[in-house]
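To keep things clear, I will list the structure first and then write my remarks on it.
The values are calculated or read from the model by the stated rules, or taken from the named source; none is laboratory data. No experiment lies behind these values; they were computed from the predicted model shown. We place every Cβ from the backbone using ideal geometry, glycine too, and count neighbours over all the protein chains shown.
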Amino acid sequence: MITHRYDHGIHAIDAEYLMPLFDAVHVVVDAGRAAFVDCGTARSVPAMLAALDELGVKREDVDWLLLTHVHLDHAGGAGQLMRALPNAKAIVHPRGALHMVDPRKLIEASIAVYGRELYDRLYGELLPIDPSRVVSTSEGQRIALGGREFEILHTPGHALHHQTFFDHGSQSVFTGDTLGLSYRVFDVEGRAFGVPTTSPSQFDPSQLIDSIQRILARRPKAAFLTHYARIDDLERVGADLIRMIEAHVATALSHEGESAESARPAIRNALKEIFVRELHQFGSAANDGTIELWLGGDLDLNTDGLLAWLARRNRA
């Protein structure tokens, strides 16, 4: 369902992943043409098609599926969605394109993490996309939609296959996970609270900070996050993210040399303390239950991402 309608033809759709207002798909409509940015899981596809009906957009009028990266909460529904959109092409970072054509490695890796039953419940059936409908991107490439253009920025740090779309029509950016997460439940007087995501397996702090700075250097008016939807005041949010990334790294380095098993609970507890401190300084009255509900999974992922980064660092 459409949860937010913004200017410049931008709409947020709830991907219905894990819980409401957790995972957003965006659809942009311009001069009768449309593009999706990210697509949630295979289970998100009915909501996306229903949003097209609500907007009066025909399926054959969707030109693009713009994927920020190929993690399954962003791209798991790509194959299913593309089968419903006869004229669309999927725009993917070159490191992720093969996984959209042949998703078997994504499926196998996800089942190894979640188990078959939970994987099926969360993600549904991943389908391949015909190679002729997959476009691998290059830095600075522009994609036309109606009367506007999206410019592609390769933004590693969260993942090597991550890219950001600068929308010249709205002077805003669609950032996937590079500008972190910002759930509306933590808003204070209309201000957004952002947290970084350092999830495995390709988190790199220097790359992520550089990507954030490159995005902010464009001076976008707003950012549209997959988790969740529109935020502004990006200079402040960006500075907060960089400070928290540095705190994450310092936490990880304080446990360097320990086994992952012994370091994991200590790192997670320290990351939670960072989030609690930042939330309170921000003015949020969120209690422990709310923090665990909305950020507990990210605390687990961030911890694992830091441990994976430490392991790579020690092998270098």
Review point. Of all the residues that make up the stretch 193-241, how many are surrounded by 17 or more Cβ atoms within 10 Å (Cβ to Cβ) and either free of Cβ contacts under 8 Å to residues at least 40 places away in the same chain or of a type in the set (A, V, I, L, M) (or both)?
Key: 14
Review point. Inside the stretch 106-158, can you point out the residues that are of a type in the set (A, V, I, L, M, F, W, C) and at pLDDT 95 or above?
Key: L127, I129, V134, V135, I143, A144, L145, F150, I152, L153
Review point. In the stretch 114-138, which residue that is more than 19 Å from the chain's Cα centre (by Cα) and among the β-branched types (V, I, T) is surrounded by the fewest Cβ atoms within 10 Å (Cβ to Cβ)?
Key: V135
Practice item. For the stretch 99-113, name all the residues that are more than 19 Å from the chain's Cα centre (by Cα) and either under 30 Å from I143 (Cβ atoms) or in contact (Cβ under 8 Å) with a residue 60 or more places away in the chain (or both). Key: V101, D102, R104, K105
Practice item. Among what's in the stretch 26-53 and is closer than 17 Å to G124 by Cβ and in a loop (DSSP other than H, G, I, E, B), pick the residue that is farthest from the chain's Cα centre (by Cα). Key: T41
Study note, to complete from the structure: Note on the stretch 148-159: residues over 13 Å from D210 (Cβ atoms) and either among the charged types (D, E, K, R) or not in a strand (DSSP E or B) (or both) are R148, E149, E151, A159
Review point. Is it the case that S172 is buried (at least 20 other Cβ atoms within 10 Å of the Cβ) and at pLDDT below 95?
Key: no
